[in-house]
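The values are calculated or read from the model by the stated rules, or taken from the named source; none is laboratory data. Because the structure is a prediction, the values reported are computed rather than measured. Here the Cβ positions follow ideal geometry from the backbone for every residue, glycine too, while neighbour counts run over all protein chains shown.
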Amino acid sequence: MELRKDPITRSWVMTGDESTMGGPRPEGACRFCPDAPDATQVISAVPATSGWSARSMVHPAPLYHIEGEPGRRGDGIYDRMSSVGAHEVLVENPRHDRQLWSASDDEIGQFLRLAAERIMDLKRDPRIKYVSLYKDYGSSAGQEFGHPSSQLTATTFVPRRVLYELRAGREYFSQKERCVFCDILSQEERQASRVIEARGDYVALGPYAPRVPYETWIMPRNHEASFERTGLSKPGLRTNLAALLRRTLQRVRTVTESFHLVLHTSPNSLHPSKTLGYWKTIDDDYHWHIEIMPVLATKARSYTFKEVYYSPVSSETAVKQLREAKIDG
Ligand SMILES: [Zn+2]
Ligand SMILES: [Zn+2]
Ligand SMILES: [Zn+2]
């Protein structure tokens, strides 16, 4: 697998011919339960009174590998690089049956703390431009593991949706000297017709222009570009945000089982990019948030959501196959 840049949209795509070796792991013993016989390597854990409360592990089949250099290079007018980065599984809870909507607020708070710590830690690597935290739940959302877990990828590029948001945030700020997310929040709180719930410093709302039915955002009320900075300094994140997240997921689950959840936070400003200009005002014009995209059974085919497109067949193979396909003329 390698990363290729679309020269028109400037978004990176992961592509290549996926090996068919190995195949899916047979159902049975959970590799993330505390007593797993073949436990994966643990990277970090949040200690609890007995054992651990949340921990991060190496993804058993990582999309990104930590060794090496991205080796970004030209290919005629194109750009490509190897998939250098990190890919971790964040085990949200030691118990196999405690999901983010059924765990205690304290447990969810521990998971949020772990997420903030891991993002902060991965950003110390100067090769890393962005860290994504996401969760796919339910078979139609591409859930990978039975154990309550989220995933985290650290990449040498900023995923395209976040890049669009960063550009838009910077543009809005340059015109109005205000954060577009703060402006959205203040109008939503004033109008109150799309606010689902507010809890302390956090609000859950339905966006004005949703991409899927029941799309939901959770945002801090006070301006803050970086989730991990808040997560490690403000205690409210671990109480109010935990409760709001739990309650919001419960609401979503009255509509559908399956959903995608993604955290959008600021890129790695410890090691700013020299080519992308959004770094100068990023603390003023970006505002972290969580997006929840429910997957409705009837609508499942009409929309697929990916932070980074993943194409398990290379164009070369696809073109070859198309060329050799038997057609009617
Ligand atoms: Zn388990
Ligand atoms: Zn803001
Ligand atoms: Zn976003």
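Selection over the stretch 111-148 of residues that are more than 30 Å from ASP6 (Cβ to Cβ) and either surrounded by fewer than 24 Cβ atoms within 10 Å (Cβ to Cβ) or among the aliphatic types (A, V, I, L, M) (or both) gives a count of 10.
Please give the number of the condition TYR278 fails out of (1) of a type outside the set (A, V, I, L, M, F, W, C); (2) within 16 Å of ligand 2 (Cβ to nearest atom); (3) modelled with pLDDT under 70; (4) in contact with a strand residue (DSSP E or B) (Cβ under 8 Å, 6 or more places away or on another chain). Only one criterion in (1) of a type outside the set (A, V, I, L, M, F, W, C); (2) within 16 Å of ligand 2 (Cβ to nearest atom); (3) modelled with pLDDT under 70; (4) in contact with a strand residue (DSSP E or B) (Cβ under 8 Å, 6 or more places away or on another chain) is unmet by TYR278, namely (4). Those strands (runs of 3 or more DSSP E) of the stretch 62-149 in which at least 2 residues are within 16 Å of ligand 3 (Cβ to nearest atom), touching a Phe, Trp or Tyr at 6+ places or on another chain (Cβ under 9 Å) and touching a residue at least 40 places away in the same chain (Cβ under 8 Å), considering only elements entirely within it, cover 130-137. The set of residues from the stretch 187-206 being of a type outside the set (A, V, I, L, M), on the phi < 0 side of the Ramachandran plot and touching a Lys or Arg at 6+ places or on another chain (Cβ under 9 Å) comprises GLU188, GLU189, GLU197, ARG199, ASP201, TYR202, GLY206.
Among the candidates VAL308, VAL262, VAL255, VAL313, which residue alone is closer than 23 Å to ASP136 by Cα, at pLDDT below 90 and within 16 Å of ligand 3 (Cβ to nearest atom)? Talk me through it step by step, then tell me what you get.
On the way: VAL262 fails: at pLDDT below 90; VAL255 fails: within 16 Å of ligand 3 (Cβ to nearest atom); VAL313 fails: within 16 Å of ligand 3 (Cβ to nearest atom).
VAL308 is the lone residue from the list that is closer than 23 Å to ASP136 by Cα, at pLDDT below 90 and within 16 Å of ligand 3 (Cβ to nearest atom).
Among the residues in the stretch 96-110, are any over 13 Å from the mean Cα position of the chain (by Cα), buried (at least 23 other Cβ atoms within 10 Å of the Cβ) and closer than 17 Å to ILE43 by Cβ? For the stretch 96-110, residues over 13 Å from the mean Cα position of the chain (by Cα), buried (at least 23 other Cβ atoms within 10 Å of the Cβ) and closer than 17 Å to ILE43 by Cβ: present. State yes or no: is ARG211 within 16 Å of ligand 3 (Cβ to nearest atom), surrounded by fewer than 19 Cβ atoms within 10 Å (Cβ to Cβ), among the charged types (D, E, K, R) and in contact (Cβ under 8 Å) with a residue 12 or more places away in the chain? Criteria met by ARG211.
Residue-by-condition table, conditions (1) surrounded by fewer than 16 Cβ atoms within 10 Å (Cβ to Cβ); (2) under 22 Å from VAL89 (Cβ atoms); (3) of a type in the set (A, V, I, L, M):
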site: PRO159; (1), (2), (3): no, yes, no
site: GLU171; (1), (2), (3): yes, no, no
site: ARG178; (1), (2), (3): yes, no, no
site: ILE184; (1), (2), (3): no, no, yes
site: ALA192; (1), (2), (3): yes, no, yes
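Quick check on the stretch 213-228: of everything there that is in a loop (DSSP other than H, G, I, E, B) and within 17 Å of the chain's Cα centre (by Cα), which residue is modelled with the lowest pLDDT? Filtering the stretch 213-228 for residues that are in a loop (DSSP other than H, G, I, E, B) and within 17 Å of the chain's Cα centre (by Cα), the one modelled with the lowest pLDDT comes out as GLU215.
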